[in-house]
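Presented below is the structure to which this report refers.
The values are calculated or read from the model by the stated rules, or taken from the named source; none is laboratory data. Since we're looking at a predicted model, the values are computed, not measured. Cβ placement follows ideal geometry from the backbone for every residue including glycine, while neighbour counts extend to all protein chains displayed.
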Amino acid sequence: MEISKPQIGVLAVQGAFIEHERILKSLGAEVFEIRQLRDLDRHLDGLVLPGGESTVQGKLLHDLGLFEPLKNLIEKGLPTFGTCAGLILLANKLSNDSHTYFGALPATVERNAYGRQLGSFYAEENFEGIGKVPMTFIRAPLIQSASEGVQVLATVNDQIVAIRYKNQLAISFHPELNEDLRVHRYFLEMISHFY
């Protein structure tokens with residue numbers, strides 16, 4: 001069943017959520033912000049976990065009572081798109097932090113992996129099924145390893161920067177900071193194939 005106007009909830013407690021909203025709306029999605037528990041009373045076809053500060057986002061998710069309901073939705077298969085901090089929230093192992101968050105994505109991620117000198121950089125590399133896409137990295141996490149069943153979608157200098165696991169799309173870079181809409185379109189196509 002094709003969804004003509006998918007309902008996408010964007011976590012909007014901290015970070016670069018407005019840019020995701022703008023792109024998703026331009027692609028025809030109905031977008032709303034998730035800031036408090038009652039926002040989850042709406043129908044949800046997909047979820048976006050934006051970049052930002054994962055520690056702050058994790059704390060706010062708990063403080064606002066959003067953590068468990070969102071974790072349950074992700075575990076039940078809700079199509080979820082995590083970028084940068086969103087990738088960290090999804091990962092089931094952080095190599096340089098004993099704490100994990102949703103833990104639904106079977107991958108090992110290193111926070112702030114690129115250090116100060118490479119804290120921010122730009123690349124254009126192939127993204128599986130899309131072609132070459134612009135990739136903006138800002139104090140990005142690194143996907144050190146992905147478990148069996150996880151599809152690697154993109155690499156930069158032989159390092160994994162985008163993966164897909166079932167209905168989860170997780171990437172190290174910020175596609176919302178470029179004018180290229182194809183990564184967000186890929187996520188919307190994931191949703192349309194799910195329902």
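Reported count of residues in region 140-154, each being assigned to a loop (DSSP other than H, G, I, E, B), surrounded by 14 or more Cβ atoms within 10 Å (Cβ to Cβ) and not aliphatic (A, V, I, L, M), is 1. Checked against (1) farther than 22 Å from P6 by Cβ; (2) in contact with a Phe, Trp or Tyr (Cβ under 6 Å, 6 or more places away or on another chain); (3) modelled with pLDDT of 95 or more, E125 passes all but condition (2). Filtering region 181-194 to residues that are touching a residue at least 40 places away in the same chain (Cβ under 8 Å) and either crowded, with 19+ Cβ neighbours inside 10 Å or in a helix (DSSP H, G or I) (or both) leaves R182, V183, H184, R185, Y186, F187, L188, M190, I191, S192, F194. Could you say whether any residue in region 118-128 is part of a strand (DSSP E or B) and in contact (Cβ under 8 Å) with a residue 60 or more places away in the chain? Scanning region 118-128, I find no residue that is part of a strand (DSSP E or B) and in contact (Cβ under 8 Å) with a residue 60 or more places away in the chain, so the answer is no.
Just one of the listed residues (R38, R116) is more than 13 Å from the chain's Cα centre (by Cα), basic (K, R) and at pLDDT 95 or above, namely R38. Quick check on region 173-195. Is at least one of its residues over 23 Å from E30 (Cβ atoms) and among the hydroxyl-bearing types (S, T, Y)? No - not one qualifying residue is present in region 173-195. Given the structure, is E148 at pLDDT below 95 and more than 13 Å from the chain's Cα centre (by Cα)? So E148 passes the test. Here is a list of conditions, (1) in contact (Cβ under 8 Å) with a residue 12 or more places away in the chain; (2) in contact with a strand residue (DSSP E or B) (Cβ under 9 Å, 6 or more places away or on another chain), and K71 meets all of them except one; can you say which number that is? Evaluating K71 over (1) in contact (Cβ under 8 Å) with a residue 12 or more places away in the chain; (2) in contact with a strand residue (DSSP E or B) (Cβ under 9 Å, 6 or more places away or on another chain) leaves (2) as the failure.
Each residue in region 130-139 was checked for being in a loop (DSSP other than H, G, I, E, B) and at pLDDT 95 or above, and 1 pass.
Taking region 167-195 as the range and being in contact with a strand residue (DSSP E or B) (Cβ under 9 Å, 6 or more places away or on another chain) and either hydrophobic (A, V, I, L, M, F, W, C) or at positive phi (or both) as the test, the residues that pass are L169, A170, I171, F173, L177, V183, F187, L188, M190, I191, F194.
Return yes or no: is I88 β-branched (V, I, T) and under 16 Å from the mean Cα position of the chain (by Cα)? Answer is yes for this residue.
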